[in-house]
Amino acid sequence: MNFGFTDEQTLLRDQVRKFLDERCPSGVVRKIMADEGYRLDLWQEMAQLGWLGLAIDPEHDGVGLGWVDMLVVLEEMGRSLYPSPFISTTLAASTLSELGSEAQQKQYLPLIATGRLIASLALLDNTDCPSIDNIQLTAREENGAHILTGRKPFVADAGAAQLFLTAFRWGKQLYLGLVDREQAGVSVTPSATMDLTKRTGSLELNNVTLLSEQVIEVAPEALARIFDKGAVAVAAEMVGAAETVLTMTTEYAKDRIQFDQPIGKYQGVKHNLADMFVDIESFKSLTYYAAWTADESPEEFPKSASLAKAYASDAFAKIGIDGVQLHGAIGFTQEYDIQLYLKRSKWARPMFGDSDFHYARIAALHEAAAAADEA
Amino acid sequence: MDFEYTTEEQTFRKEVQDFLAENLAPKAKRDQNFMADWLKKVRDKRWVGFSWPEDVGGGGGNIMQQVILKEEMAKAKAPPLGTCMMGLAWVGPGIIQYGTEAQKQRFIPDILDSKYHWCTGYSEPNVGSDLASLQCKAVRDGDTYTINGTKIWTSLAPFADWISMLVRTDNFGSSEAKHEGITALLVKLDTPGIEVKPIENMAGGKVFAQIFFDDVKVPVENRLGDEGKGWAVTISSLANERSSIGEVTAMYEKLDTLRALVSKVTRNGRPANQDSKVRRTMGVFEAKIESMRLNGLRYLTKQIKGEPLSSETSVNKLHRADLEVSMGDFAIEILGAAGLQLHNQQDAVDRGKWANDALGWPNVVIGGGTPNIQKNIIGERILGLPKD
């Protein structure tokens, strides 16, 4: 029984934290925010450190570790609000590793691991929730190839990505198309959100031809597993980001004097901070466990991922607001960093499903399990 | 991370499961001797006081064995391992750590044999969360203390033979050094000058009481620890497992019962479990209980690795308090008027269990430190905020 990290994982955490503290402190984060949302030199340094190939098989130039190791990196990235297409690229690599053909893996995974290819997922046709019902883009067939015409909105890191794993239907099946940005008929419109550390955009497809080697047939459960990995990745960043809110706000409450006392002495402030601690401890535990089940107990993964993302979405949304509110007027300024975390909490809430979606899914999972027991 | 159990741990789990299969008769088949037999059998296994050292008669169970035993007992909904609840939870560990040899020999076997109940006398009419300002006083004259004062909200006092209580022997009226001058005494409740007045709680139970002490004489040999150092006696450092696994297993049982309830009652004309608010609320409960389970496993991991455990366990206490209040309240809201009926009333559901839960939570929520106190503990001891 060991619900903790190995020495290697602790070392990895220290390395990532040191790297981000030194190479991407708040001032640099703000420069990247004002720019295109990521920096290629940092990206390539991370590739050299092995973090882009963390969960990629050594056969394809990766390190061959798992989701618990990934969680460690993501938690630290969340702590620093490190802006980059890391989650998108990681999910794309993970999807190719699990579902792609040998040729596809050989073609793309080494490029991802070595920082030469940024990839993203273009799965949903609308922003309702991460469900296969929201994949409606339908291919037509021409000479054995799939032809796609349509639009995927809110594709994460669209501006940075070269490769898009694009979900579509054909007949009764679901597929992922490996769409290259340079292909004829592909156009990308990058866009931003209120959280400038996270970029989005749309992918427009106009008679884009996908040859058979660019297509992967996927089962609904396999697609749900991609969504679940996304939910856990976002939740891991939420853990780190929420801990920074708590640290910053606690320090502020110790320093800020009102009525001759540090405001952290007053229970109105103290209890609010204690509530943050309780929630962070709790969704941290849920997220750690979900990351573990991803590789080690896949049958538990859907529920554990939903429990983690549901709790995290509600809790971090409140923590984001409370962090700003406890800082008073200074928290409302552009200059102070606390507001960046509020914006991150807004971004993270709907990504890969909000709490309403995940709690409804948990109820459905219980019903499915009960029905299976009866049968 | 791994959630595997070692071969030894699996063997121990099997031993517990086999014991339960053999000795835990179904409720309907239990006769009047069942409980006495049960207590003797678990005592013979040394599972009563399982975490206590073997030389005082405990089981010497290590942290993981404690977790496994509690988990299996809770899963099987087994009766308690010993009925001397306060003795096993609080008084015994205090005596083991601070007591004299004579005290250990006199009290520990009786606690392990469930001979009688203990209660613990802390709160007073004007002393609750701020326990160190207690006023009930004892004055020493030769080999005897004389106690005058009162204790209140003393759980199990109406059924107990003994009380382990804190009294003030020094620093009267000083708020500066109020933690000093407190002494722990072990007092037999039939001593002349003691009057126990049961207090009825809002659920109709009479499990706590006010106790009056009027010139009560207690021999010095019944003092636990040094004079003036009684504050430390309340905090035992025995290596108890801190995973809250027993509570978590019980909360999961309760969630299952609640899930059965929302599948059989209707809300706005359809099964309550099809209502989106009900579905969401059930999910919120599950996320909290699961986070308690996993928080507990993280704290347990720290304990096993020998890392210091601070006040993190207040996190699970707060979740438990919240769940105790909100699950019962949610159940009676779903049940509407039927949820208001207690066990002896005409259309009571599940024998009034939910109504009783909706009124019975203060036992768990307030006893052992209110949620506000738990938040102070987290704010001050973990986050390092100034004391208020």
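The values are calculated or read from the model by the stated rules, or taken from the named source; none is laboratory data. What you see is a predicted model; the values in this text were computed from it and never measured. We place every Cβ from the backbone using ideal geometry, glycine too, and count neighbours over all the protein chains shown.
Tell me, which residue of the range A:284-343 that is β-branched (Val, Ile, Thr) and touching a Phe, Trp or Tyr at 6+ places or on another chain (Cβ under 6 Å) is surrounded by the fewest Cβ atoms within 10 Å (Cβ to Cβ)? Only one residue tops the list, namely A:Ile330.
Being outside the structural domain of B:Val315 (by TED's automatic domain parsing) and at pLDDT 95 or above is not true of B:Arg259. Within the range B:263-275, not a single residue is within 30 Å of B:Leu131 (Cα to Cα) and in contact (Cβ under 8 Å) with a residue 60 or more places away in the chain. Among the residues of the range A:248-264, those identified as within 30 Å of A:Thr10 (Cα to Cα) and more than 9 Å from chain B (Cβ to nearest Cβ) are A:Met248, A:Thr249, A:Glu251, A:Tyr252.
Applying the set (1) closer than 17 Å to A:Arg30 by Cβ; (2) touching a residue at least 40 places away in the same chain (Cβ under 8 Å); (3) not acidic (Asp, Glu) to A:Tyr336 leaves exactly one unmet item: (2).
Here are some residues: B:Val315, B:Val284, B:Val262. Which one is aliphatic (A, V, I, L, M), under 26 Å from A:Gly353 (Cα atoms) and facing chain A (nearest Cβ under 9 Å)?
Working: B:Val315 fails: under 26 Å from A:Gly353 (Cα atoms); B:Val262 fails: facing chain A (nearest Cβ under 9 Å).
Sole residue among the options that is aliphatic (A, V, I, L, M), under 26 Å from A:Gly353 (Cα atoms) and facing chain A (nearest Cβ under 9 Å): B:Val284.
The residue of the range B:1-50 that is nearest to B:Met73 (Cα to Cα), among those that are modelled with pLDDT under 95 and basic (Lys, Arg), is B:Lys27. Just give me the residues in the range B:353-377 being away from chain A (no Cβ under 13 Å), part of a helix (DSSP H, G or I) and either of a type outside the set (Gly, Ala, Ser) or surrounded by fewer than 18 Cβ atoms within 10 Å (Cβ to Cβ) (or both), in sequence order. Across the range B:353-377, the qualifying residues are B:Lys353, B:Trp354, B:Asn356, B:Asp357, B:Leu359, B:Pro362, B:Asn363, B:Val364, B:Val365, B:Ile366. A:Leu326 meets the stated requirement of being farther than 25 Å from A:His366 by Cβ, part of a helix (DSSP H, G or I), touching a residue at least 12 places away in the same chain (Cβ under 8 Å) and within 13 Å of chain B (Cβ to nearest Cβ). On the given criteria, is A:Val239 within 9 Å of chain B (Cβ to nearest Cβ) and either of a type in the set (Val, Ile, Thr) or part of a helix (DSSP H, G or I) (or both)? Taking the combined requirement at face value, the residue does not satisfy it. Considering the range B:82-115, the residues that are β-branched (Val, Ile, Thr) and surrounded by fewer than 20 Cβ atoms within 10 Å (Cβ to Cβ) include one that is farthest from the chain's Cα centre (by Cα), namely B:Thr100.
With respect to A:Gln267, is the statement that it is among the polar types (S, T, N, Q), surrounded by fewer than 17 Cβ atoms within 10 Å (Cβ to Cβ), at the interface with chain B (Cβ under 9 Å from one of its Cβ atoms) and closer than 23 Å to B:Leu323 by Cα true? Yes: the conditions hold for A:Gln267. Of the residues B:Leu335, B:Leu323, B:Leu297, the single one that is at the interface with chain A (Cβ under 9 Å from one of its Cβ atoms) and crowded, with 17+ Cβ neighbours inside 10 Å is B:Leu297.
Tallying residues that are in a helix (DSSP H, G or I) and either at the interface with another protein chain (Cβ under 8 Å from one of its Cβ atoms) or without any contact (Cβ under 8 Å) to a residue 60 or more places away in the chain (or both) within the range B:378-388 yields 4.
Consider B:Phe285 carefully, then state whether it is without any contact (Cβ under 8 Å) to a residue 60 or more places away in the chain and either crowded, with 19+ Cβ neighbours inside 10 Å or in contact with a Cys (Cβ under 6 Å, 6 or more places away or on another chain) (or both).
So B:Phe285 fits the description; yes.
The single condition among (1) within 21 Å of B:Ser326 (Cβ to Cβ); (2) crowded, with 16+ Cβ neighbours inside 10 Å that B:Ala260 does not meet is (2).
Going by the conditions given, is A:Gly185 at positive phi and surrounded by fewer than 19 Cβ atoms within 10 Å (Cβ to Cβ)? Against the criterion (at positive phi and surrounded by fewer than 19 Cβ atoms within 10 Å (Cβ to Cβ)), A:Gly185 qualifies.
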